[in-house]
Structure formats: C-alpha cells, structure tokens
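**Q** First the structure, which I've put down as structure tokens, then a few questions once you've had a look.
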Amino acid sequence: MARLQFMDRRLSSLLLLCLLLSFSSLQLNSNGRSGRAHAQEESKIDDGALPKLEENLGAVPAGSTTDSEVVKRESESMTSKNLRSNAEKFEFQAEVSRLMDIIIHSLYSNKDIFLRELISNASDALDKIRFLSLTDSSVLGEGDDAKLDIHIKLDKEKKVLTIRDRGIGMTKNDLIKNLGTIAKSGTSAFLEQMQKGGDLNLIGQFGVGFYSVYLVADHVEVISKHNDDVQHIWESNADGNFAVTEDTENEPLGRGTEIRIYLKSDAAEYAQEDKLRELVKKYSEFISFPIYLWASKEVDVEVPVEEAEEKEEKETDDAETEEEDASEPKTKTVKETKWDWELLNDAKAVWLRNPKDVTAEEYDKFYHSLAKDFSTDKPMSWSHFNAEGDVEFKAVIYIPPKAPYDLFENYYSQKAFLKLYVRRVFISDEFDELLPKYLSFLRGIVDSDTLPLNVSREMLQQHSSLKTIKKKLVRKALDMIRRIAEEDEDEKVDDKETDDDKEAEKEVSEKKGKYAKFWKEFGKAIKLGIIEDTSNRVRLAKLLRFHSSKSGDKLTSLDQYISRMKPGQKQIYYLTGQDRKLLEQSPFVEKLLKKGYEVIYLTDPVDEYLTQNLTEYEDKKFQNASKDDLKLGSKDEKAKFKEIKESYKELTKWWKDLLSGEMVEAVKVSNRLANTPAVVVTSKYGWSANMERIMQAQTLADPSKQSYMRGKRILEINPKHPIIKDLKEKISLSSEDDSAKQAAKLVFETALLESGFVLEDPKDFANRIYSVIKSNLNVSPDATVEEDEVEEETEKDRAENAVEDAPDFQNFQNMNMDQDDTTASELAAEAAASDEVADEDASSEKDEL
C-alpha cells in the first residue's frame, strides 16, 4: 500500500512538471522568432518561483536536492558570461536547468568525475577517427593532425580549463543534435527511463556524461572541426539556451574538438595542476590514447653573469687569482620555470594484452603499481583472462604475498581491493558486488565493455551484468588457488626429483611450500567461504588443509585423507580443540588411533562452524570423535560388546542415579576408550565441549540463552579399566558404599575436565582431591587445620595499631614536595604535641582510677 502511495505521489509530480513545460512552451512560441534573438535576457527563469522537484525524483538512491538560494546563486553565476551576439541561438526542447539539477545532484555525487567523462568522450572520438582511417588513411590528415592524443591546458588567471582532442570532430548539425541528447528525449521520457532502470549508456554522444561539466562550470564552449564542415563554436550556460556560430576568432583546429570550461568560484581546486594530474592518474590512467598536461617545472640553467654583478664579485672575492683567463665567459646556475607537455598515462594496460605476450616481470610490476605495494615481495599468483558471452570483460586478479593485518578483524566491513573500469575508464574501487567477502583479499582490475559508464556508482551496483561478472570472477579465483596447490611439490603424494633440468628444478623449488604459505595467510578465508558460499562449497572443500594423525608436520587435504582410508571406512574422523598436542593425547581418539584410523585435528575456532556446514565430502560423512554417535568395531566385536553392556547394566544405572543433578543424560559403556577410565561425550546435534568454550568466551554472550544449545552430556566408562572394574565389584556388594560414591563422582569430574568441559563446582572437586591425598598420606579424615592463637587486644595495642595504620610521614612528605620545610616542621611539631596531650590525659585518668 505504501508503495502504491509513493508511486501515485511520483506520478503526480511528473504530471505537474509536464504541465509546467507545456505552459512554458506556449509562452515561448507566442513571442515569435524575433524574441529568440534576445533569449538570454527575456527567458530568464526565476528559480525561486518554480516548485521544487521531489528529493527522490528520478529514483536515484543517492539523490539530493538544492535549496532555492543555491539555485539562484548558480543561475546568476551561469548568466555572468553572455552568449555571442552574432551566434544562432537555440532553445533546449526541455527545461535543461531543471534537468541539470537532477544530473548534477543525483547521477553524480562526486564533482571529480567531470574530467573522467570528458576524457572518455575524447577517447571515443579518437576511436572513431582511427576506425575510419582503417579504410581511408586520408581522414587523419598530415603532421600534428595525424597524432591521436588528448591535451589538457589550464589558464589559472582566467580560471579556464581546456581539453583538446584530435578525434572525429562534429559538424554544426552534430553540435545541435549531440549536445542536446537529454533535451531531445524530453524531461518526462528521461525521468521515465531512469525510473525503469533503463540503459543510460550515452557515452560518445555527448549526452549525460558531457553535462557533468556543469558540476564545476558556469559557462562552456565547445569548438569543433569535422572533415566535412567548417569549424563551429557551441556555447551554453545551461540556462535553457545554447548558441552555435561559425568560428572565425580562434585558431584552426585542423580536426577534433576543444572544450573550454569556465570554472565556478567554488571549483577553484580544479585550477591546480596537481589536482588535474591526480584525477587523470586515478580515473584515466589506462586510456589507450596519450593524455598530456601543459605543466611547469623548474630546471637548472646556466646564464652569463652581468658586468655589475661581475664587478661586485671582484670586490668581495679577494681570493680570486689574476691569472684566470679573461676570455672565458662567466656563468651562474639559476632556477628557471619551463612549460612543456607532460605525459600523464604512461602506465600500460596489461589486461588488454594477450596473456601469452606478458612476462612474469611485467605482471609483478603491474601488481606493485596497482596495489601500491612498495615491498620486494612478489604476488603469490595471478590470473589473466577474457570473458566472452552475454557480458564481456577482461580481468587480472592477484593473490597478494601477505594478508592485510585487519583482514579478519574487520571482515564484514572490509572493502574489496578490486578496481572496476569501463572501457579503460576507472569507475570505482568500492564495489562489494564483484567479489564475495571471503575473497576480499584479492587485488586486481576488471574492465567491462558491457556496463554503462556515465551513471553513478549506486545505480551501477544494481546492474544485472554485475552478477554474471561476479560468478566468473569467483570461478577464476578458485581455479587460480587450485593451481597453486597442484604446482606445489609438497602437495603431491609421490615426490619425484627432477635433477636433469636445472631450470625446471629451480622452478619447482620456488613453488615448493607455496600452498602452505597461502594457507597460513588466507586459509581462514577459505573456511569462511564454505560457510557463506553454498554454490561453490565443493570447490572450496578441495582447497581445505588440515593437520592429522598421519600428516606429521605437513598439511593434508581431504583427497589425501580419503586415499589413505582403511578398507570399508565410510566416515572422516575429526576432533576439535584448542591445541594440536592436546588433541593427539585426547581420550576421544585412543581407540581410533589404536585401530589405525586417521583423525583430522581442527584447532581453529571457525572449524566448529565449518563442520556444521560441511557435513560430507565425496560421499564420506564427517564424524566428530567427541560425539555420542561414534560407532566402531566389526560385527563380532559389536556382539561381544553387547554382552559387556549387559554385565555393566547395574553399575551404569547406579551411576546415573548418583549423578542425577549433574546434567548427565546417561551413563554408558564405551568402546572408544583404551587407557582412560571414563570420558564425557555430547549428543549428536548439540554443542561439543570446544563449542561451549567458544560461545562462553563471547563478549556479549548470554548464558541463559545458550542452555538450549548445549549438548546433553553422556558419561562413557571403560569396562576394561581397573578403576571401573573395582567400582563394579563394590556396587555389587553395597550400593550405599560412601567410598564408591566419592570415587564415582571424582571419576566423573575428572572426565569432565579431560573432555574439555568446565566444572560447575570446582570447590567441591578440590575437596574430593584433598580427601584422596589425605588417604594416600594416611592423614586422619577428621584432622583440622591449626588455628592461630588469638590474644585479647588491650588499649595500648589499639593505640599502636592506630599509629601503624596512619599515613607514613615520609610518604606524606614525598607527595608534597612543593611545600617548604617550615610547613613540614610545623606539622611534625603539632603531631608531637598532640601525642603529649594524649599521654597526659591517659596518665591523669589512670591516677583517678
């Protein structure tokens, strides 16, 4: 319902705008063509009198509006430079001043992009003339006209920025048609296109992109020369009018277009060479045509010394020898400012070349330039590919040598280090839609010819092509990581030495151990990918590496684990905990290791979440060795085990009743233990002991809400252990034996600790331990701790204690170093006097008594 109301309100605004345009058109038509000669003076629009557009007009996510004072001030600034009186004047078909408000404050949220748009248009014009020259080389002309480049020149005094290209140029009709693309479509049609999320890809037509120049300009002149027409000037203040006239006042361009931007007063920062250099480096570094900036630089120049200066030097320099050759001219070095064209985009777009033609050194150099990594470390790997189909793009992605220090600390707020280009024009490096979070550590560039260029980042994020690009990038990234593992000799089961070829041996040695290094830096990201990316879970599972009971110091993969599985084994055994050494000695794996099964040791906290999402691999189920559902043994062993369970039925029932208040669901006979008397396991779908510890360590954890997720604890006893056998005999004689009860509770609490749980009452456990120690040392159970003799405190003792408890005088003196010695002496004297008075009072009271 709210959505319908919102659409009704938006349609009402559009209808109102159309009515205003119709009324304005009727008024302008009634004035006749004679009135149009003075269009600038007679058709000024009072911006304050017109109704404001809605904030969300155009359905642009980051749209904003301008208050009436700003609009008025900008209108006055725009009309400060008059159009040429001899020019042929035209009116935009739609109210461009209002359209500019939408474009400037909605489509573009950053003024810097105006230069990006104009350079992109210039590049397209150069592309067109280059394409025509393939069939007719004469269109390029001769001399400087044949050079395909872009020149940027700045006049700081007049605040005029000039951008010149030797592209195809425009005729008079092209200027009228192309520079009115938005107006030609009409206001309502343009807004309707934006609301529908249509394609606004107007690059090369001087449409939306060209009008971004009014972000920084109050007057714009476009001088253009086409091979089929004479040179013309197009100019406009974006106030509803523009003028076109034949150019007889400027130097001939030969061919191409020159845009003169008269900067606003609030755009003074763009009248600086450094700012322009920065923008070109950021947005247009990889444009295929050279971009030059008219820049100044200081150089050392040798100039002759004037006679007056020479005479002064002779007077001041007495050490000068008379034997010096008088014929030799005397010079001095001075700083001189020289102006010349500076090439700004000398970086090569590696991704546009054939991967076979790019060397490893070039890839390394490009990585350091891209990632701003000034170290000598080489990237671990890279992938250079071209994607074709519905969405065409080129990309180069790298795995950096080291992970960022805060990669996992700010995991969900971490931005991807991937730059998006459209036709070699930089768009943004803040697109989280190009890569999932777990691959945000990758560096690289994506250059697409399919995406629209001149719309805002917010609108581009909603483009349907981004999903296709993301899918292909993820596939290529995972293939690149897989290749690191395949090329690593340490990852292979059978190591074969290659002593014959020294170069091959050197290459193998460089790649040896590389995947272990990758896993150390980015292994946690792969685990997070299994949790988050269900569509690529199988591919990511092949990249997992662990330590196991048979891997030694090396890491092992799931494929290697399966290759070493025993005949008939259908499960992948694993155990989670804090430390690998503790897991190796855990009672949970005693029987598994004794029977020759391999156990994977998981020591990363994220592994608990990993095993919840990865339940099987290659039709092999994952089995937690600390859970209740562990099953071991053959059919014969299971039949024999059933008999043992029956013989211990009385003991397990008695033990369960004894521990009724200890959150123990059952007491069972275990077949997983070898040397340990008992162990505490959890139910299949509950938390393990390690998971309980992780959840309790959370800063904002609420224990009351965690109780339902805790696994039900089950005490498993070892029927072959002498302690359990002795307990069985004692219970068969008397179920009320106190020593048996204390021993059973002590065994349970010890099993809790050894299984990784936290005791509910550690004091009670400590008392039981002390009782056992007393028994071993033959100390009487009734023996008590000796108490100190307490003497009755006298009046004198209380006075002495009071003095001892008083602040130390020396500390008092140290804390008050700024006080003089006389003050300290006075305080000491007063203290002594008070003590004497106290002694006299005490003696007088004694005499009275």
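**Q** Go through the range 644-672 and count every residue that is of a type in the set (D, E, K, R) and assigned to a strand (DSSP E or B).
**A** 2
**Q** Which count do you get for residues in the range 230-246 that are buried (at least 16 other Cβ atoms within 10 Å of the Cβ), in a loop (DSSP other than H, G, I, E, B) and modelled with pLDDT of 90 or more? Walk me through it before giving the result.
**A** Residues of the range 230-246 buried (at least 16 other Cβ atoms within 10 Å of the Cβ): 231-245.
From what is left, the residues that are in a loop (DSSP other than H, G, I, E, B) are 231, 237-240.
Subsequent filtering for residues that are modelled with pLDDT of 90 or more retains 231.
Qualifying residue count, the range 230-246: 1.
**Q** Considering every residue within the range 712-725, establish whether at least one is on the phi > 0 side of the Ramachandran plot and not acidic (Asp, Glu).
**A** No, there is no match, as no residue in the range 712-725 is on the phi > 0 side of the Ramachandran plot and not acidic (Asp, Glu).
**Q** Taking the residues in the range 539-575 that are in a helix (DSSP H, G or I) and free of Cβ contacts under 8 Å to residues at least 60 places away in the same chain as candidates, determine which candidate is farthest from Val681 (Cα to Cα).
**A** Across the range 539-575, the extreme among qualifying residues is Asp559.
**Q** Which members of the range 682-726 meet the condition of being assigned to a loop (DSSP other than H, G, I, E, B), touching a strand residue (DSSP E or B) at 6+ places or on another chain (Cβ under 6 Å) and modelled with pLDDT of 90 or more?
**A** Within the range 682-726, Pro719 is the sole residue that qualifies.
**Q** I'm trying to understand the selection: among the residues of the range 528-558, which are charged (D, E, K, R) and surrounded by 15 or more Cβ atoms within 10 Å (Cβ to Cβ)? Outline the logic, then answer.
**A** Our first condition is that a residue be charged (D, E, K, R); within the range 528-558, this holds for 532-533, 537, 539, 542, 545, 550, 553-554.
Matches in the range 528-558: Asp533, Arg537, Arg539, Lys542, Arg545, Lys550.
**Q** So, one more: When you go through (1) modelled with pLDDT under 85; (2) in a helix (DSSP H, G or I); (3) under 23 Å from Lys172 (Cβ atoms) one by one for Leu83, which number turns out not to apply?
**A** Looking at each condition in turn, Leu83 falls short on (2).
**Q** What number goes with the only condition from (1) within 24 Å of Asn675 (Cα to Cα); (2) touching a Ser or Thr at 6+ places or on another chain (Cβ under 8 Å); (3) of a type outside the set (Lys, Arg) that Leu759 does not pass?
**A** Every condition holds for Leu759 apart from (2).
**Q** Consider Val747 carefully, then state whether it is surrounded by 12 or more Cβ atoms within 10 Å (Cβ to Cβ), in the same structural domain as Glu665 (by TED's automatic domain parsing), at pLDDT 90 or above and of a type in the set (A, V, I, L, M).
**A** Taking the combined requirement at face value, the residue satisfies it.
**Q** Then there is this: Name the one entry in Asn675, Asn718 that is surrounded by 17 or more Cβ atoms within 10 Å (Cβ to Cβ) and either of a type in the set (Asp, Glu) or closer than 30 Å to Phe641 by Cβ (or both).
**A** The conditions single out Asn718.
**Q** Here is a further query. For residues that are more than 48 Å from the chain's Cα centre (by Cα) and closer than 17 Å to Ile176 by Cβ, tally how many sit in the range 219-242. I'd like the intermediate steps shown before the answer.
**A** Let us first name the residues in the range 219-242 that are more than 48 Å from the chain's Cα centre (by Cα), namely 227-232.
If we keep only those that are closer than 17 Å to Ile176 by Cβ as well, we get 228-232.
The total comes to 5.
Yes or no, residue by residue, for (1) at pLDDT 85 or above; (2) in a helix (DSSP H, G or I); (3) assigned by TED's automatic domain parsing to the domain that holds Leu370:
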site	(1), (2), (3)
Glu409	no, no, yes
Leu418	yes, no, yes
Val455	no, no, yes
Lys470	yes, yes, yes
Met480	yes, yes, yes
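**Q** Right, next: Consider Glu736 against the criteria (1) within 24 Å of Trp687 (Cβ to Cβ); (2) of a type outside the set (S, T, N, Q); (3) in a loop (DSSP other than H, G, I, E, B): it satisfies all of them except one. Which criterion is unmet?
**A** Against the list (1) within 24 Å of Trp687 (Cβ to Cβ); (2) of a type outside the set (S, T, N, Q); (3) in a loop (DSSP other than H, G, I, E, B), Glu736 comes up short only on (1).
**Q** List pairs: first residue in the range 744-756 and aliphatic (A, V, I, L, M), second residue outside any loop (DSSP other than H, G, I, E, B) anywhere in the structure, Cβ distance under 6 angstrom, at least six positions apart or on different chains.
**A** Within 6 Å, the pairs are Ala744/Trp655; Ala744/Leu658; Leu746/Arg768; Val747/Ala678; Ala751/Ala678; Ala751/Val679; Ala751/Val680; Leu752/Val680.
**Q** For the range 247-262, give me the residue count where each residue is of a type in the set (Val, Ile, Thr) and in a loop (DSSP other than H, G, I, E, B).
**A** 1
**Q** Kindly establish whether Glu729 is at negative phi, modelled with pLDDT of 90 or more and surrounded by 14 or more Cβ atoms within 10 Å (Cβ to Cβ). Steps first, please.
**A** On the way: at negative phi: yes; modelled with pLDDT of 90 or more: yes; surrounded by 14 or more Cβ atoms within 10 Å (Cβ to Cβ): no.
The answer is no for Glu729.
**Q** While we're here: With the requirement that a residue be touching a Lys or Arg at 6+ places or on another chain (Cβ under 7 Å) and at pLDDT below 90, what does the range 615-645 give you?
**A** Within the range 615-645, Asp628, Asp629, Leu630, Leu632 meet the criteria.
The values are calculated or read from the model by the stated rules, or taken from the named source; none is laboratory data. Computed from a prediction, not measured in an experiment: that's the story for all the values here. A quick note on method: Cβ atoms are made from the backbone with ideal geometry, for glycine too, and the neighbour counts reach across all protein chains shown.
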